[in-house]
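K.L.:
Okay, handing you the structure first.
The values are calculated or read from the model by the stated rules, or taken from the named source; none is laboratory data. Predicted model only: the values in this text are computed from it and were never measured. All Cβ positions, even for glycine, are placed from backbone atoms using ideal geometry, and neighbour counts span all protein chains on display.
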Amino acid sequence: MSTFRLQLPTDPRWVDIVETDIEEILTDHAWCEQKAASNAITIVTINSEYPDLVTDMLALAKEEIEHFEMVHEIIKKRGYKLGRERKDEYVGELAQYMKRSNTGSRVSGFVERMLFSAMIEARSCERFKVLSENIKDEELSKFYRELMESEAGHYTTFIGYARKYGQGIDVEKRWREWLDFEASVIQKYGKSQTVHG
């Protein structure tokens with residue numbers, strides 16, 4: 001996924017780990033979609049002055065909830081149960097970086113939230129691609145390919161708004177810094193049956 005400029009690709013052998021517990025990856029994935037929907041609603045709550053942003057975030061939130069529902073349907077169909085919400089250590093590290101990087105201005109906070117969101121979408125999309133290409137389960141391979149195509153646009157949406165409303169901030173430079181930071185974080189992951197783990 002060179003379009004995302006991620007510096008460290010996921011090792012395809014991560015899928016071997018995922019395949020040892022499909023129920024776990026599906027539960028984790030479902031909660032990732034729920035959190036993505038919540039994040040979009042939070043963005044609306046704190047940036048309601050931008051009508052175009054509100055419209056796009058509401059559409060994005062709806063799509064993420066639909067994805068949550070799709071994953072839940074697969075879980076039910078396979079006789080699994082949606083487990084409790086999982087803590088996402090990877091996203092937690094990105095969130096800490098976002099907080100540390102916010103200079104306290106409203107514009108800075110906005111840009112950081114957009115880049116934080118774009119980063120999660122970029123890595124999730126990359127993981128879906130790796131899953132779609134390597135998982136032996138044909139239903140899930142097709143599912144993750146379709147989801148990857150759908151989610152790719154979310155990354156573009158977040159980056160686009162960072163550029164549009166990030167007056168006075170060098171968003172391209174900031175995104176490169178985010179990419180550097182993410183590369184240092186993701187090295188520790190890829191060892192569990194979770195979307196970012």
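K.L.:
Looking at segment 52-73, can you tell me whether even one residue there is more than 20 Å from the chain's Cα centre (by Cα) and surrounded by 12 or more Cβ atoms within 10 Å (Cβ to Cβ)?
P.N.:
No, segment 52-73 contains no residue that is more than 20 Å from the chain's Cα centre (by Cα) and surrounded by 12 or more Cβ atoms within 10 Å (Cβ to Cβ).
K.L.:
Could I ask something else about it? Take segment 177-188 and flag every residue that is touching a residue at least 12 places away in the same chain (Cβ under 8 Å), surrounded by fewer than 13 Cβ atoms within 10 Å (Cβ to Cβ) and not aliphatic (A, V, I, L, M).
P.N.:
Within segment 177-188, ASP180, GLN187 qualify.
K.L.:
Restricted to segment 121-149, and to residues that are in contact (Cβ under 8 Å) with a residue 60 or more places away in the chain and polar (S, T, N, Q), which residue is farthest from GLY197 (Cα to Cα)?
P.N.:
My answer is ASN134.
K.L.:
Scan segment 166-179 residue by residue and report those that are within 22 Å of GLU151 (Cα to Cα) and not aliphatic (A, V, I, L, M).
P.N.:
Result: GLU172, TRP175, ARG176, TRP178.
K.L.:
Limited to segment 91-100, what total is found for residues that are in contact (Cβ under 8 Å) with a residue 24 or more places away in the chain and either exposed (fewer than 13 other Cβ atoms within 10 Å of the Cβ) or closer than 27 Å to TYR50 by Cβ (or both)?
P.N.:
3
K.L.:
Let me ask another. Examine segment 132-141 for a residue that is modelled with pLDDT of 95 or more, in contact with an Asp or Glu (Cβ under 7 Å, 6 or more places away or on another chain), of a type in the set (A, V, I, L, M, F, W, C) and surrounded by 14 or more Cβ atoms within 10 Å (Cβ to Cβ), and state whether such a residue exists.
P.N.:
Yes, there is a match, as at least one residue in segment 132-141 is modelled with pLDDT of 95 or more, in contact with an Asp or Glu (Cβ under 7 Å, 6 or more places away or on another chain), of a type in the set (A, V, I, L, M, F, W, C) and surrounded by 14 or more Cβ atoms within 10 Å (Cβ to Cβ).
K.L.:
Determine whether segment 155-174 contains at least one residue that is surrounded by 15 or more Cβ atoms within 10 Å (Cβ to Cβ) and at pLDDT below 95.
P.N.:
Yes, the conditions are met somewhere in segment 155-174.
K.L.:
Let me spell it out: the conditions are (1) over 21 Å from ALA37 (Cα atoms); (2) assigned to a helix (DSSP H, G or I), and LYS188 meets all of them except one. Which number is the exception?
P.N.:
(2)
K.L.:
Here's a follow-up. Looking only at residues that are buried (at least 20 other Cβ atoms within 10 Å of the Cβ) and in contact with a Phe, Trp or Tyr (Cβ under 6 Å, 6 or more places away or on another chain) in segment 1-51, which one is farthest from TYR161 (Cα to Cα)?
P.N.:
Selected residue: ALA30.
K.L.:
Let me ask something else about it. Determine, yes or no, whether ASP88 is in contact with a His (Cβ under 7 Å, 6 or more places away or on another chain), under 19 Å from ARG127 (Cα atoms) and either surrounded by fewer than 18 Cβ atoms within 10 Å (Cβ to Cβ) or touching a residue at least 40 places away in the same chain (Cβ under 8 Å) (or both).
P.N.:
Yes, satisfied.
K.L.:
Still on this model: Among the candidates GLU93, GLU172, which residue alone is under 18 Å from the mean Cα position of the chain (by Cα), in a helix (DSSP H, G or I) and of a type in the set (Asp, Glu)?
P.N.:
Among GLU93, GLU172, only GLU93 is under 18 Å from the mean Cα position of the chain (by Cα), in a helix (DSSP H, G or I) and of a type in the set (Asp, Glu).
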